[in-house]
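S.K.: A single structure is presented below for examination.
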Amino acid sequence: MLAARYYGIRDVRIEELPRPGCGPKEVLVKVAYAGICGSDLHIYRKGMFVSSVPETMGHEFSGVVEEIGPGVTGLRPGDHVVGDPRVSCGDCPWCRQGKHNLCPQLSFIGEICPGCFAEYLVMSEESLLKLPLELELDRAALIEPLAVALHAAGKAGLSPRETLGIIGAGPVGLLTLLVAKHQVAKIIVVDRAPARLELARRLGADEVVPVFSEDPLEQADVVIEAAGTEATLGGALRWLKPGGRLVLTGLYEEGVLVDPNDILVKELKIDGINAYERKDLTKAVQVMATGRLDVAPLISQILPLESAAAGFGMLTSPQPDVVKILLAPTGPGKGT
């Protein structure tokens with residue numbers, strides 16, 4: 001089978017590997033679509049997270065069950081699935097409470113073990129969620145980042161009377177917009193790219209702006225920071241009203257300097273989120289299955305797996321109209 005493997009900073013290669021087999025309680029999945037996400041870009045640009053090299057990348061995917069191993073009872077060949085790609089220790093106090101996203105050793109497939117940028121992937125049955133067959137698999141590939149957005153919105157404690165600011169009109173920011181647009185009075189999206197701001201407007205943002213407002217009358221009650229830079233973090237703290245709430249979803253590639261006086265003087269509340277909980281992933285499947293959220297506008301391009309390096313290049317070069325790139329290891333449209 002073909003796989004896209006990480007060999008070092010900005011070095012992704014397509015290789016032929018043996019097709020994996022199923023062990024007890026394991027499932028072989030034929031990958032239909034796999035999304036390049038922000039974490040993958042951190043790996044590509046900085047070498048973050050990966051425990052060994054080379055490694056098959058990727059953790060966002062949808063696919064079709066190809067084979068099942070001994071002891072698998074809830075899935076059968078032909079079922080459509082998405083994965084819970086989190087890999088936790090299973091034994092720490094947080095794992096024992098089911099809060100695997102707080103595990104100090106939390107990692108993901110594609111970082112600590114082979115990921116989904118391949119034609120086939122083996123996962124345990126308990127790490128797979130069955131999908132309704134009518135749900136298109138290209139859209140289903142966004143279920144995992146949708147779980148991040150649901151977790152962020154839950155942390156934010158949104159209210160119908162409040163103004164929500166979203167910094168960063170990338171996949172997580174735009175998915176959070178879709179999740180939140182009926183939960184708050186107003187949503188303002190900030191991004192430097194006009195094409196992404198126009199997409200945010202089409203998806204339901206009440207206002208889109210390239211810079212934060214310095215007008216105290218235009219401050220936000222809640223800000224979700226989905227960009228992960230020193231400038232956006234500092235801007236978020238200034239933008240918030242006194243007593244406001246900040247939710248951090250964007251990973252930072254570098255350390256940042258922050259003036260804590262905005263936090264102190266305005267008594268701001270700050271929450272970080274690390275991926276999502278299992279219930280968020282389950283809810284993402286349910287929400288996507290209803291058709292209430294149309295994620296199709298976020299999918300900028302679908303590329304064959306052989307073009308993985310080109311996809312990374314598009315997402316790390318100045319192409320602001322590109323939001324989400326899906327790789328199709330078994331060919332666009334197959335399995336849908």
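S.K.: Looking at (1) assigned to a loop (DSSP other than H, G, I, E, B); (2) surrounded by 20 or more Cβ atoms within 10 Å (Cβ to Cβ), can you tell me which one ARG76 breaks?
M.R.: (2) is the only condition that ARG76 fails.
S.K.: State which residue is farthest from GLY47 (Cα to Cα) when the search covers only segment 237-256 and only residues that are within 21 Å of the chain's Cα centre (by Cα) and touching a residue at least 60 places away in the same chain (Cβ under 8 Å).
M.R.: Of segment 237-256, the ones within 21 Å of the chain's Cα centre (by Cα) are 246-254.
Then drop every residue that is not touching a residue at least 60 places away in the same chain (Cβ under 8 Å), which leaves 247, 249-251, 253.
Numbers: VAL247: 25, THR249: 20, GLY250: 17, LEU251: 14, GLU253: 10 Å.
Result: VAL247.
S.K.: Now, a different point. Within the group ALA193, ALA227, which residue is within 24 Å of ASP259 (Cβ to Cβ) and modelled with pLDDT under 95? Let's see the steps before the verdict.
M.R.: Values: ALA193 fails: within 24 Å of ASP259 (Cβ to Cβ).
Among ALA193, ALA227, only ALA227 is within 24 Å of ASP259 (Cβ to Cβ) and modelled with pLDDT under 95.
S.K.: Which residue pairs have Cβ atoms closer than 9 Å, lie 6 or more positions apart in sequence or on different chains, and pair a first residue in segment 291-313 that is of a type in the set (Asp, Glu) with a second residue that is part of a helix (DSSP H, G or I) and surrounded by 13 or more Cβ atoms within 10 Å (Cβ to Cβ)?
M.R.: So the pair list comes out as ASP294/ARG139; ASP294/LEU178.
S.K.: Being touching a residue at least 40 places away in the same chain (Cβ under 8 Å) and touching a helix residue (DSSP H, G or I) at 6+ places or on another chain (Cβ under 8 Å) is true for just one of ARG5, ARG10, ARG19. Which residue is that? Give the derivation first.
M.R.: Working: ARG5 fails: touching a helix residue (DSSP H, G or I) at 6+ places or on another chain (Cβ under 8 Å); ARG19 fails: touching a helix residue (DSSP H, G or I) at 6+ places or on another chain (Cβ under 8 Å).
Step by step, each of ARG5, ARG10, ARG19 is checked, and only ARG10 is touching a residue at least 40 places away in the same chain (Cβ under 8 Å) and touching a helix residue (DSSP H, G or I) at 6+ places or on another chain (Cβ under 8 Å).
S.K.: Does segment 125-173 hold any residues that are assigned to a helix (DSSP H, G or I), of a type outside the set (Val, Ile, Thr) and under 15 Å from GLU225 (Cβ atoms), and which are they?
M.R.: Keep residues of segment 125-173 that are assigned to a helix (DSSP H, G or I), which gives 125-127, 137-140, 143-156, 171-173.
Imposing the further condition that a residue be of a type outside the set (Val, Ile, Thr) reduces the set to 125-127, 137-140, 144-147, 149-156, 171, 173.
Those that are assigned to a helix (DSSP H, G or I), of a type outside the set (Val, Ile, Thr) and under 15 Å from GLU225 (Cβ atoms): ALA149, HIS151, ALA152, ALA153, LYS155, ALA156, PRO171, GLY173.
S.K.: Here is a further query. Between a first residue in segment 27-50 that is of a type in the set (Asp, Glu) and a second residue that is assigned to a helix (DSSP H, G or I), which pairs have beta carbons less than 8 Å apart while being 6 or more apart in sequence or on different chains?
M.R.: Correct list of pairs: ASP40/PHE312.
S.K.: Let me spell it out: the conditions are (1) surrounded by fewer than 24 Cβ atoms within 10 Å (Cβ to Cβ); (2) within 15 Å of the chain's Cα centre (by Cα), and LEU135 meets all of them except one. Which number is the exception?
M.R.: The one condition LEU135 does not meet is (2).
S.K.: Now a separate question. On the given criteria, is LEU199 buried (at least 21 other Cβ atoms within 10 Å of the Cβ), in the same structural domain as PRO171 (by TED's automatic domain parsing) and not in a strand (DSSP E or B)? Show your work before the answer.
M.R.: Details: buried (at least 21 other Cβ atoms within 10 Å of the Cβ): yes; in the same structural domain as PRO171 (by TED's automatic domain parsing): yes; not in a strand (DSSP E or B): yes.
So LEU199 passes the test.
S.K.: Please indicate, with yes or no, whether at least one residue in segment 170-190 is more than 27 Å from LEU257 (Cα to Cα), in contact with a Ser or Thr (Cβ under 9 Å, 6 or more places away or on another chain), among the basic types (Lys, Arg) and free of Cβ contacts under 8 Å to residues at least 60 places away in the same chain.
M.R.: Yes: one or more hits.
S.K.: Return the residue satisfying two criteria in turn: it lies in segment 54-77 and is small (Gly, Ala, Ser) and farther than 30 Å from GLY38 by Cα, and of such residues it is farthest from the chain's Cα centre (by Cα). Break it down stepwise before answering.
M.R.: Taking segment 54-77 and keeping what is small (Gly, Ala, Ser), we get 58, 62-63, 69, 71, 74.
If we keep only those that are farther than 30 Å from GLY38 by Cα too, we end up with 69, 71, 74.
Working: GLY69: 29, GLY71: 31, GLY74: 26 Å.
Of everything passing the filter in segment 54-77, GLY71 is farthest from the chain's Cα centre (by Cα).
Per-residue answers, yes or no, for (1) among the acidic types (Asp, Glu); (2) at pLDDT 95 or above; (3) surrounded by 23 or more Cβ atoms within 10 Å (Cβ to Cβ):
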{"residue": "GLU67", "(1), (2), (3)": "yes, yes, no"}
{"residue": "VAL82", "(1), (2), (3)": "no, yes, yes"}
{"residue": "ARG86", "(1), (2), (3)": "no, yes, no"}
{"residue": "GLY98", "(1), (2), (3)": "no, no, no"}
{"residue": "VAL122", "(1), (2), (3)": "no, yes, no"}
{"residue": "GLU125", "(1), (2), (3)": "yes, yes, no"}
{"residue": "LEU146", "(1), (2), (3)": "no, yes, yes"}
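S.K.: Being at pLDDT below 95 and surrounded by 15 or more Cβ atoms within 10 Å (Cβ to Cβ) is the requirement here; does GLY250 meet it?
M.R.: Details: at pLDDT below 95: yes; surrounded by 15 or more Cβ atoms within 10 Å (Cβ to Cβ): yes.
Judged against the criteria, GLY250 is a match.
The values are calculated or read from the model by the stated rules, or taken from the named source; none is laboratory data. Remember, it's a predicted structure, so these values are computed and weren't measured experimentally. Heads up, the Cβs are rebuilt from the backbone with ideal geometry, glycines too, and the neighbour counts pull from every protein chain shown.
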